[in-house]
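Presented below is the structure to which this report refers.
The values are calculated or read from the model by the stated rules, or taken from the named source; none is laboratory data. These numbers come from a predicted model, not from an experiment. Backbone-built Cβ (ideal geometry, glycine too); neighbour counts: all protein chains shown.
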Amino acid sequence: MAVLNMVRRDMFGELLHCQGGYQHDLRHVKFNDGLGPYGGGVEFGEKGFSEAKWRTQHSVDRNGDLYPTHGLGPVSTMLDINRGNRMLYLTSTATQSRGLKKYIVDKGGMNHPNSSVDFKCGDIVTTVIKCHQGQTIMLSHDTNNPRPYSLNFRVQGTLGIWQKDARSLYIEGLSKEEHRWEKEDKYLEEFDHPLWKRFQDQAAGSGHGGMDFFIFRAFVEALKGAEPVIDVYDAVSMSVISPLSEKSIRLGSASVKIPDFTRSKWKKNKPIFGLNDQA
């Protein structure tokens, strides 16, 4: 949200390209039956709880970006998607599927009953989206192999660039050394979003680094009559990337059009999370 604040102040100039993704080693989650130690799955965890009940079957049945919203949500706001801008079309490409079967064999052996499962989802799925105003968005889905957690955020414009994983940025005219990364810390502190400044004490410890507080607050404010921060059109626009990525891969990484669910209202809708929005 601090970076969004910087975008709103044109610190990066005109935006050109954004990246995001869901890059998270979920192998232990996809083979966790929630029945306790060695309850039939390859791994085990909390008794009675298992995301494998829905996550794993998607990897068996589908080849595409199964979880585009984590990476797409924040950059959609920065790019004013459905609010003066929209996504036009995408192309998606998938690697071969290797990680999940290897994990089964490594943990349970070739004779494990799951070793014969045919997983359709490529280990790494890359989706590139073209926007009405000219920008591109690159999304990554990468959950089947060993790697640190990362949402892979990158925001780049005509004046500079920010990369989340490196916790660094470069802004022409502000960064002290040319062609060298600068740590993000002082910028994130200076341009901290008004909502965080107001509610950071209440948000502390609420989950996901404090984000859960703002999600629940936005929901309650909507129940009280406020306009939803993210509406149903945003939700479907982000979610439809998943089946459209499957279609693109099925067609040999062909370009696939993204529907305009707003029926042209995106041309007049106002951007969300402005500098003083809901502050």
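Considering only segment 221-231, how many residues are surrounded by 10 or more Cβ atoms within 10 Å (Cβ to Cβ) and either in contact with a Lys or Arg (Cβ under 7 Å, 6 or more places away or on another chain) or part of a helix (DSSP H, G or I) (or both)? Lay out the reasoning, then the answer.
To start, the set of residues in segment 221-231 that are surrounded by 10 or more Cβ atoms within 10 Å (Cβ to Cβ) comprises 221-222, 226-231.
After this cut, where a residue has to be either in contact with a Lys or Arg (Cβ under 7 Å, 6 or more places away or on another chain) or part of a helix (DSSP H, G or I) (or both) as well, the list is 221-222.
Number of matching residues: 2.
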Exercise for review: Return yes when PHE216 is within 22 Å of the chain's Cα centre (by Cα), surrounded by 12 or more Cβ atoms within 10 Å (Cβ to Cβ) and of a type outside the set (S, T, N, Q) and no when it is not.
Suggested key: yes
Point to revise | Selection count where residues are more than 14 Å from ALA2 (Cβ to Cβ), aromatic (Phe, Trp, Tyr) and in contact with a helix residue (DSSP H, G or I) (Cβ under 8 Å, 6 or more places away or on another chain), scope segment 201-216 | key: 1
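To keep it simple, each residue is scored yes or no on (1) farther than 26 Å from ARG62 by Cβ; (2) in contact with an Asp or Glu (Cβ under 8 Å, 6 or more places away or on another chain).
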{"site": "LYS101", "(1), (2)": "no, no"}
{"site": "HIS112", "(1), (2)": "no, no"}
{"site": "ASP118", "(1), (2)": "no, no"}
{"site": "VAL128", "(1), (2)": "no, no"}
{"site": "MET138", "(1), (2)": "no, no"}
{"site": "THR143", "(1), (2)": "no, yes"}
{"site": "TYR149", "(1), (2)": "no, yes"}
{"site": "SER168", "(1), (2)": "yes, yes"}
{"site": "GLU178", "(1), (2)": "yes, no"}
Revision key, fill the gap. Scanning segment 43-83 for residues that are crowded, with 18+ Cβ neighbours inside 10 Å, among the acidic types (Asp, Glu) and at pLDDT below 90 gives GLU43
Review point. Which condition breaks for SER255 when tested against (1) closer than 24 Å to TRP162 by Cβ; (2) of a type outside the set (A, V, I, L, M, F, W, C); (3) in the same structural domain as GLY122 (by TED's automatic domain parsing)?
Key: (1)
Check your understanding: So which residues in segment 232-255 are touching a helix residue (DSSP H, G or I) at 6+ places or on another chain (Cβ under 8 Å) and outside any helix (DSSP H, G or I)?
Key -> ALA254, SER255
Review point. Identify, please: which residue in segment 69-110 is small (Gly, Ala, Ser) and part of a loop (DSSP other than H, G, I, E, B) and is, among those, nearest to MET11 (Cα to Cα)?
Key: GLY84
Point to revise | Residues of segment 129-167 satisfying the condition of being surrounded by fewer than 17 Cβ atoms within 10 Å (Cβ to Cβ) and farther than 22 Å from ARG27 by Cα | key: LYS130, HIS132, GLN133, GLY134, THR136, THR158, LEU159, ALA166, ARG167
Point to revise | Complete set of residues in segment 111-136 that are at pLDDT below 95 and not in a loop (DSSP other than H, G, I, E, B) | key: PRO113, ASN114, SER115, SER116
Exercise for review: Could you list all residues from segment 243-270 that are at positive phi and exposed (fewer than 12 other Cβ atoms within 10 Å of the Cβ)?
Suggested key: GLY252, ARG263, SER264
Practice item. List every residue pair whose Cβ atoms lie under 6 Å apart, where the two residues are 6 or more positions apart in sequence or sit on different chains, the first residue falls within segment 133-160 and is without any contact (Cβ under 8 Å) to a residue 24 or more places away in the chain, and the second residue, located anywhere, is assigned to a strand (DSSP E or B) and among the basic types (Lys, Arg). Key: none
Practice item. For LEU151, work out the one condition from (1) among the hydrophobic types (A, V, I, L, M, F, W, C); (2) in contact with a His (Cβ under 7 Å, 6 or more places away or on another chain); (3) farther than 28 Å from LEU100 by Cα it doesn't fulfil. Key: (3)
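Which residue, of ASP185, ASP142, ASP201, ASP212, is among the acidic types (Asp, Glu) and assigned by TED's automatic domain parsing to the domain that holds ASP25? Spell out the reasoning first.
Details: ASP185 fails: assigned by TED's automatic domain parsing to the domain that holds ASP25; ASP201 fails: assigned by TED's automatic domain parsing to the domain that holds ASP25; ASP212 fails: assigned by TED's automatic domain parsing to the domain that holds ASP25.
Exactly one residue qualifies, and that residue is ASP142.
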